[in-house]
Amino acid sequence: MALSNYENMALGKFNVDYEERVNFDRMRKDKHARAIKCMEQDNLCMVATWNADNCRYLASVYLTTPNRAGEYQFVSFTRNGVASVYSGVPDEAKRRMPWLNGRVYDAFGSALKAGGRSGDHPAIVRQLKFFLRDLEEAGLKPATCDSDGKVTSLNDGYIGIDGTSMPHVYIEGLQMMGYKAVWANVTLDKARAIKTPEEVKIMRQVAANTEVAFAAIVDAIRPGIKECELVGIGLAALYAEGIDHSEDLVCMSGENTNPYNWTFTDKLIRPGDPIYVDVDAASYLGYKSCVYRTFYCGRPTDTQRKAYDTALEMLRGGCDACKVGNTNYDIMKGFKADPVKTWGRDSWYGLDPWCLAHGCGLTLHDRPFVAHSYMENGGEEIPLEPGMVLAVETFAGLPEQRTGARLEDMVLITEDGGEIISRFPIDEPLVCWRDWAANTRGIIM
């Protein structure tokens, strides 16, 4: 398993005139090509999406978090590559986003908030007419259907609906107008799964941001600081690096680390505590991180070290399976995890989060995904392809032990195998508060 290649890392984040870094025009074109390819595969002539991440994928528009749940903003994207943004400040958006060629319109509010519960509601009808206008201007004819929804002519394909809490209402409304619409979530999931070269550059920067957060947290770990304070320190470091949003970091310590938990509290860090931290969904240019490390407030005990080594061994097995020719199922097999031998449990019940892998990109959980339950439920077996970025994560801790260890790396699939792009030290337990650690050993088993 190769570590991140320094030759593939951009020298900096800012725009400069002396070298090319992220080429956003190229990235937009490449993402459009990915979306069009997947739309052609699924017979879609258009996708209409309210999902913030898919809006960013198709139009490079940032939807602010307060407006997302209310569905105040949305994007249409036609199969010949024309994106239109519906927002609340169209004139300003046109000025800021010239790549949309003026295709920014007033959304006239939220159909959801207007109570659009049926396909003939005025707010629903208004938005559907927007989409039909966009298709007409793009020279595309949507599939038609009868009043029962049976397709009468495929024409240029179905209208895809994505990212709304009421897709059935939009689909019903189009059917009332004589057009066939379908759910398009999977289509865009497939498009985002393989990152374009410019997206890969951003994912490297995303991984580097996690290292800044970890470094600040490691410097701060000492007896008396609280889990919530460490979260604040990590987030401050991330926002200083230019992230545009983040989930609260996972930060669990001492007895909070076993069984596995994923939150943070106001617990004080104490001598001998392990502390695991997840820099999860720290969004840089829209792209999300997911990296765990476990630290120690003082030297770990032999029992703690064994848990760490177990988590690391599983992680390496999963990462080694991240290569072309394998599938997401092979990652799960690479963990070599067994409920009894690994965790002292009778079955897989409740253990699903203890070893898994998921894609990372504009969403925290891009394709592909794999966990024990995913395989048991007959989840799709997806070949690993160059350009995929996965987060591979493991946990170790026996029931009779009071602490555990959690580890995670981000892995880029390349033609030559998997490349770990998260570089914060992991091969040995990282000891913090070293003055104390030099003279004693941890006390929590």
Quiz prompt | Filter result for Gly418 (out of contact with any strand residue (DSSP E or B) (no Cβ under 7 Å at 6 or more places or on another chain), outside any loop (DSSP other than H, G, I, E, B) and either surrounded by 15 or more Cβ atoms within 10 Å (Cβ to Cβ) or not assigned by TED's automatic domain parsing to the domain that holds Gly272 (or both)) | solution = no
Quiz item: Based on what the data block shows, is Val218 in the same structural domain as Met388 (by TED's automatic domain parsing), over 18 Å from the mean Cα position of the chain (by Cα), buried (at least 19 other Cβ atoms within 10 Å of the Cβ) and aliphatic (A, V, I, L, M)?
Solution: yes
Quiz item: Taking the stretch 11-51 on its own, how many of its residues are under 22 Å from Leu188 (Cβ atoms) and of a type outside the set (Lys, Arg)?
Solution: 23
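For the stretch 365-382: of the residues being closer than 20 Å to Asn261 by Cα and among the hydrophobic types (A, V, I, L, M, F, W, C), which is surrounded by the fewest Cβ atoms within 10 Å (Cβ to Cβ)? Working first, answer last.
Let us first name the residues in the stretch 365-382 that are closer than 20 Å to Asn261 by Cα, namely 365, 370-373.
If we keep only those that are among the hydrophobic types (A, V, I, L, M, F, W, C) too, we end up with 370-371.
Working: Val370: 28, Ala371: 21.
For the stretch 365-382, the residue satisfying everything is Ala371.
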Practice problem: Report, by residue number, each residue of the stretch 88-116 that is in contact with a strand residue (DSSP E or B) (Cβ under 6 Å, 6 or more places away or on another chain) and either under 16 Å from Ala52 (Cβ atoms) or not assigned by TED's automatic domain parsing to the domain that holds Val47 (or both). | Solution: Ala93, Ala107
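Restricting to the stretch 128-178, give me the number of residues that are under 18 Å from Gly70 (Cα atoms) and touching a residue at least 60 places away in the same chain (Cβ under 8 Å).
Filtering the stretch 128-178 down to residues under 18 Å from Gly70 (Cα atoms) leaves 128, 161-170.
Now drop any that are not touching a residue at least 60 places away in the same chain (Cβ under 8 Å), which leaves 161-165, 170.
Residues meeting the conditions: 6.
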Quiz item: Residues Asp273, Asp244, Asp278, Asp266: which one is charged (D, E, K, R), assigned by TED's automatic domain parsing to the domain that holds Thr210 and in contact with a Phe, Trp or Tyr (Cβ under 6 Å, 6 or more places away or on another chain)?
Solution: Asp278
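Mind listing whichever residues of the stretch 338-363 are within 22 Å of Met203 (Cα to Cα) and either assigned to a loop (DSSP other than H, G, I, E, B) or at pLDDT below 95 (or both)?
The first filter runs over the stretch 338-363 and keeps only residues within 22 Å of Met203 (Cα to Cα), leaving 356-363.
Within the stretch 338-363, Cys360, Gly361, Leu362, Thr363 qualify.
Does Trp262 qualify as being surrounded by fewer than 24 Cβ atoms within 10 Å (Cβ to Cβ) and over 24 Å from the mean Cα position of the chain (by Cα)? Reasoning before the result, please.
Details: surrounded by fewer than 24 Cβ atoms within 10 Å (Cβ to Cβ): yes; over 24 Å from the mean Cα position of the chain (by Cα): no.
So Trp262 does not fit the description; no.
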Quiz item: Any idea which of Arg95, Arg103, Arg28, Arg68 is touching a residue at least 60 places away in the same chain (Cβ under 8 Å) and at negative phi?
Solution: Arg28
Practice problem: Those residues that are surrounded by 18 or more Cβ atoms within 10 Å (Cβ to Cβ), under 14 Å from Gly397 (Cα atoms) and in contact (Cβ under 8 Å) with a residue 24 or more places away in the chain, I need them from the stretch 338-364; list them, please. | Solution: Thr342, Trp343, Trp354, Cys355
Practice problem: Could you list, in sequence order, all residues of the stretch 20-63 that are surrounded by fewer than 22 Cβ atoms within 10 Å (Cβ to Cβ), within 27 Å of Leu154 (Cα to Cα) and aliphatic (A, V, I, L, M)? | Solution: Ala33, Ile36
Quiz item: If we only count helices (runs of 4 or more DSSP H) wholly inside the stretch 18-93, which ones have 3 or more residues that are over 22 Å from Trp183 (Cβ atoms)?
Solution: 24-41, 65-68
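Can Met314 be described as buried (at least 20 other Cβ atoms within 10 Å of the Cβ) and either closer than 21 Å to Ile420 by Cβ or among the small types (Gly, Ala, Ser) (or both)? Show your work before the answer.
Working: buried (at least 20 other Cβ atoms within 10 Å of the Cβ): yes; either closer than 21 Å to Ile420 by Cβ or among the small types (Gly, Ala, Ser) (or both): yes.
The answer is yes for Met314.
Against the definition (at negative phi, modelled with pLDDT under 95, touching an Asp or Glu at 6+ places or on another chain (Cβ under 8 Å) and not assigned by TED's automatic domain parsing to the domain that holds Leu364), how does Gly119 come out, yes or no?
Considered against the rule, which asks whether it is at negative phi, modelled with pLDDT under 95, touching an Asp or Glu at 6+ places or on another chain (Cβ under 8 Å) and not assigned by TED's automatic domain parsing to the domain that holds Leu364, Gly119 comes out as no.
Have a look at Phe395, Phe335 and point out the one that is modelled with pLDDT of 95 or more, farther than 25 Å from Ser283 by Cβ and buried (at least 17 other Cβ atoms within 10 Å of the Cβ).
Every option except Phe335 fails the conditions.
The values are calculated or read from the model by the stated rules, or taken from the named source; none is laboratory data. What you see is a predicted model; the values in this text were computed from it and never measured. Cβ coordinates were reconstructed from backbone atoms using ideal geometry, including for glycine residues, and neighbour counts include every protein chain displayed.
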